[in-house]
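The values are calculated or read from the model by the stated rules, or taken from the named source; none is laboratory data. Only a predicted model underlies this, so the values are computations on that prediction, with no experimental measurement involved. Methodologically, a virtual Cβ is constructed for each residue, glycine included, from the backbone with ideal geometry; neighbour enumeration extends over all protein chains shown.
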Amino acid sequence: MSDIAIIGGHGKVALHLARILTDASQTVGSLIRNPQQRADITAVGATPVIADVENLTTEQIAQVLVGYDAVVWAAGAGGGSAERTYAVDRDAAIRSMDAARLAGVTRYVMVSYKGSRVDHGASQDDGMFAYYEAKAAADDYLRATDLSWTILGPSTLTQGVASGRIDVGASLPRGDVSRENVARVIAGVLAKPATIGRFIEFNDGQTPIDEAVDAAS
């Protein structure tokens, strides 16, 4: 992968990822909706692309994605109303998948969360219910596409210093993972075709990221 589009490009994970990829001489277009964020994007070596995917059609998103080799979904509504959570985490994410196919971009990496599944077990009065529902729907839609997808399931995100080490597995208890480690995992799976078709759940841990990603492939 040499030309990567990051949707949700101003998020903390996305900014780490853009820096990691551009430091490795890859080209990054970071999709953002707020033009005032341009300077933060250029500071990590990426190109800001103004594209509000929440309000763009599939065809409009496809026009933005033409020419890229891979798409990383790192966007999210970030809490707030259930309506907006569904609009971003489910509906816009699904449109971006269809857009990638229209644009001829086959590689797609979804940043989800550890434990994402349709039968998540949360009740409707749980404040995270809409998020769990939206992510499960988007992840399942992605699995049903013919895209070369990888879904990542990090545990609770922290601002901790990246250790470069994680533990991988669905059976792991939910823990913590630094945002920079998540970015390093994304960069790792982009470079490893063997991760296509995998849902990789992980915490900060003891295994070097490259080894852990290989073991999960």
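Observations, loosely collected:
- Contact map, region 11-25: residues that are part of a helix (DSSP H, G or I) paired with residues that are among the polar types (S, T, N, Q), Cβ distance under 6 Å, separation 6+ or inter-chain. Pairs shown: 18/30.
- Taking each residue of region 129-155 that is free of Cβ contacts under 8 Å to residues at least 40 places away in the same chain and surrounded by fewer than 22 Cβ atoms within 10 Å (Cβ to Cβ) and looking for partners that are hydroxyl-bearing (Ser, Thr, Tyr) and assigned to a loop (DSSP other than H, G, I, E, B) with beta-carbon atoms closer than 6 Å, six or more apart or interchain, yields 136/116.
- Verdict on residue 89 being closer than 21 Å to residue 6 by Cβ, under 15 Å from the mean Cα position of the chain (by Cα), in a helix (DSSP H, G or I) and in contact (Cβ under 8 Å) with a residue 60 or more places away in the chain: no
- Single unsatisfied condition, residue 61 versus (1) closer than 24 Å to residue 157 by Cβ; (2) crowded, with 22+ Cβ neighbours inside 10 Å: (1)
- Hey, residue 132 within 21 Å of residue 54 (Cα to Cα), assigned to a helix (DSSP H, G or I), in contact with a Gly (Cβ under 9 Å, 6 or more places away or on another chain) and of a type outside the set (A, V, I, L, M, F, W, C) or not: yes
- Some residue of region 97-113 being under 27 Å from residue 176 (Cα atoms), touching a Ser or Thr at 6+ places or on another chain (Cβ under 7 Å) and of a type in the set (Val, Ile, Thr): yes
- Restricting region 144-173 to residues that are among the hydrophobic types (A, V, I, L, M, F, W, C) and assigned to a loop (DSSP other than H, G, I, E, B), the residue that is nearest to residue 73 (Cα to Cα): 147
- Residues that are among the charged types (D, E, K, R) and surrounded by 22 or more Cβ atoms within 10 Å (Cβ to Cβ), drawn from region 64-96: 89
- For residue 159: the one exception among (1) within 27 Å of residue 68 (Cα to Cα); (2) surrounded by fewer than 15 Cβ atoms within 10 Å (Cβ to Cβ); (3) in contact (Cβ under 8 Å) with a residue 60 or more places away in the chain: (1)
- When region 26-76 is filtered for residues that are part of a strand (DSSP E or B), among the hydroxyl-bearing types (Ser, Thr, Tyr) and either out of contact with any Phe, Trp or Tyr (no Cβ under 9 Å at 6 or more places or on another chain) or within 23 Å of residue 88 (Cβ to Cβ) (or both), the ones remaining, listed by number, are 30, 47.
- Residue 112 passes every criterion in (1) at pLDDT 95 or above; (2) within 22 Å of residue 15 (Cβ to Cβ); (3) exposed (fewer than 15 other Cβ atoms within 10 Å of the Cβ); (4) not hydrophobic (A, V, I, L, M, F, W, C) apart from (3).
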